[in-house]
1. Please name all residue pairs, on different chains or six or more residues apart, with Cβ atoms under 8 Å, provided the first residue is in the stretch 446-471 and is without any contact (Cβ under 8 Å) to a residue 12 or more places away in the chain and the second residue is part of a loop (DSSP other than H, G, I, E, B).
2. Determine the pairs where a residue that is farther than 22 Å from GLY119 by Cβ, located within the stretch 33-61, has a partner that is aromatic (Phe, Trp, Tyr) and assigned to a helix (DSSP H, G or I) with Cβ atoms under 7 Å apart, the partner being 6 or more residues away or on another chain.
3. What pairs can you find where one residue is in the stretch 141-153 and part of a helix (DSSP H, G or I), the other is hydrophobic (A, V, I, L, M, F, W, C), and their Cβ atoms are less than 6 Å apart, with a gap of 6+ or different chains?
4. So how many residues does the stretch 351-393 have that are of a type outside the set (D, E, K, R), at negative phi and away from ligand 1 (no atom under 13 Å from the Cβ)?
5. Kindly evaluate HIS432 against the criterion of being away from ligand 1 (no atom under 16 Å from the Cβ), more than 28 Å from the chain's Cα centre (by Cα) and part of a helix (DSSP H, G or I).
6. Count, please, the residues in the stretch 156-171 that happen to be crowded, with 20+ Cβ neighbours inside 10 Å and either touching a Ser or Thr at 6+ places or on another chain (Cβ under 6 Å) or without any contact (Cβ under 8 Å) to a residue 12 or more places away in the chain (or both).
7. Take ALA494 and tell me if it is touching a residue at least 24 places away in the same chain (Cβ under 8 Å) and within 16 Å of ligand 1 (Cβ to nearest atom).
8. Filter the stretch 75-93 down to the residues that are in contact with an Asp or Glu (Cβ under 7 Å, 6 or more places away or on another chain) and within 16 Å of ligand 2 (Cβ to nearest atom) and list them by number.
Amino acid sequence: MTTFRTIPTEPIEGQKPGTSGLRKKTAVFQGHHYLENFIQSIWNGIGGVQGKTLVLGGDGRHFNSQAAQVVLRMAAASGAKKVIVGKRALLSTPAASHLIRKRGADGGIILSASHNPGGPNGDFGVKFNSANGGPASESVMARIFDATKVVSELHIAESQDIGLRTLDTLTLGDMEIEIVDPVTDYAALMQELFDFDAISGLFKSGFRMRFDAMHAVTGPYARTILEEILGAPPGTVMNGLPLPDFGEGHPDPNPTWAKQLWDEMMSDSGPDFGAASDGDGDRNMIVGRKAYVSPSDSLAVIAANATLVPGYRDGLKGVARSMPTSQAVDRVAARLGIDCYETPTGWKFFGNLLDAGRATLCGEESFGTGSDHVREKDGLWAVLFWLNILAVKGGSVAELLDAHWAEYGRNYYSRHDYEAVDAAAANGLMDHVRGQLASLPGQSFGALTVETADEFAYDDPVDGSRSEGQGLRIGFAGGGRVVLRLSGTGTDGATLRVYHEKVEEDAARFNLDPQEALADIIAAAETIAGIKARTGRDAPDVIT
Ligand code: VG1
Ligand code: CO
C-alpha cells in the first residue's frame, strides 16, 4: 500500500522560471523542499494534475534520478492518471516533446539545465511543457511562478525506490507508470522525415563524420540512429556515454566548449562533417572540414534546401527566427515568397506559430534549429537534415556554404558573451544603452550610421499576447545590427550577450574571419555600451 502525505511548506523566494524553465545550482535544488515546492507549484499553476497523463524524463545530469522519483511521487499524490517516463528517467528534450504529442499527453516535465554544466557543483533545472509538446507559454509560466509564492502544502507519496531500469509498467497508488525506451519513438520519427537510404549511401561511400555527444543525453540517440541504423562506422559518435557531470565538461556545442571536435574538424585531414549537441539534445553545432556553419546560416541553408528532404518536400509554410538571430533566413524566405516571423529569444515563442501552421522551420542563433515535427528545437534532427542535403546534393559543407552565400549574400554574425558579470553592472549597462535609444538614430560611429534603435517587444500574431523588454536593438544603414540582452538561463550573476551582424554582398569578401568582417560593428557596440569599463572585462568569455 502506498501512503500519501501532506506536508506543510513555506514559499521559497526566487523560483522564477527564465528563458527555459527554472535553473539553479544543483545544491539549491537539493535544498529542503526546493524541488518539491516547485513541482507542487507547477501542479497548482496548471490547475492540478488530477486524471492527467504526463511525460517525464531528463538529460541524466547529477540529481536526475532522485528528482524523477520525487516528480513521480508527487504526480501520484495529486491524482495523475499516468506518467510515461524514459528508462532510467532519460529523455532528450525533443524526444520528450515528441512523446507528449504522440501519446496525446497533457504535458511533461523535463529535468534539465540544458547547456549549463552539471554535477554537484553545476546546475540543475526543471522545464514544464504543455500538451502541444512545447515549452509552456509565458502566461502559464507566470501562473506557476505565482503559485510558488503562495505554496503552503506538498502532496507526496512516501519515499520508496521506483525502479526505472527496465521497460515495465508499474503502479504507484492508482497512478500508472509506463517506462519506455527513450530512443525508439524518436528514431522512428526521424526515419519518417529523412531519406535514410540516401544518408546510409553517403556513409557507404566513405563519407566520414564525427558526432560529439559531449557525454550528454544524445549519446544513445546518436549511436542508434547514426551508427546502428544508418551504418556510420563505430566511433563516429564520440563522448557518447551520458555522465552525470558530462565528464566535467560544459555540454554546450560551440567552438569553445566542443574543442576536441573543433580541432579535429579544423585539420586538413579532418572528417567531412562534424556535429555536436548539448546537455538535453535540443541544440546542434554543424561544422564541415575547415568550415564552420553559424547557426543562423544553418537555418538559412536548411530553409533554402528543405524540399530536398522527404518530410519537407511540399515546401515551407513559413519560417521564424528569434530577434537576435541573423537575417540570413529572411532572404531565403523573401526568395521563397513565404512569411518570416521575428520572435523573442526562447523556443516557447515559436509554439503558437507552429501550432497555427504559420511556420514550418524555426531557429535561434544559439545553436537551436527545429521544425513543426515537434515543439522544441532538435539537435539530431538538424544534423540529419544536413546529412540528407549533403547526400542529395553532393559536395562539401564548405562548397554548400559558398554556393549559398553566392546566391543570397552573406550575413556575417557573431555573439559575444560576458558571463557571471556583476548583476548591478550589467543592468547599469542596459540602462545606459536604453537611455540612448531615442537619440541614436542619425548618429555615426566610424563609417556606420544608426538608422533605428529600440527595445524589442513582440505581439504574438496568434493569441495577441504582448511580450516587452526582449532586447535592445540598434540597426545601421546597410543592414548591420547590434543587439544587447541579458541571459535568462545563467545562474551566476548576469550574463551579457552582445549580438553583431553585418550584411555583405561583395563575393570577394565572403571568406573573411567574422571578427574581422564585423570589426566596425563590434567597435560601435563598445562605444555605445561601454562594455569594457562597465563589465570590467577586456574581452568576451565566449565568442560564437
Ligand atoms: C539561451 C539562448 C536561447 C535559448 C535558451 C535555451 O537563453 O540564448 O536562444 O532558447 O538558452 O536553450 P539566454 O536567455 O541565456 O540567452 V537550452 O538548449 O539551454 O534550453
Ligand atoms: Co538545450
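1. ASP459/SER465; ARG466/ALA457; ARG466/ASP460
2. VAL49/TRP43
3. Hits for this filter: ILE144/ILE42.
4. Looking only at that region, the number is 22.
5. Values: away from ligand 1 (no atom under 16 Å from the Cβ): yes; more than 28 Å from the chain's Cα centre (by Cα): yes; part of a helix (DSSP H, G or I): yes.
Here the answer is yes, as HIS432 does meet what is asked.
6. Number of matching residues: 1.
7. On the way: touching a residue at least 24 places away in the same chain (Cβ under 8 Å): yes; within 16 Å of ligand 1 (Cβ to nearest atom): yes.
Yes; evaluated as a whole, the condition is true for this residue.
8. SER92, THR93 - these are the residues of the stretch 75-93 that are in contact with an Asp or Glu (Cβ under 7 Å, 6 or more places away or on another chain) and within 16 Å of ligand 2 (Cβ to nearest atom).
The values are calculated or read from the model by the stated rules, or taken from the named source; none is laboratory data. Keep in mind that this is a model prediction, so the values were computed, not measured. Cβ atoms come from the backbone with ideal geometry, glycine included; neighbour counts cover every protein chain shown.
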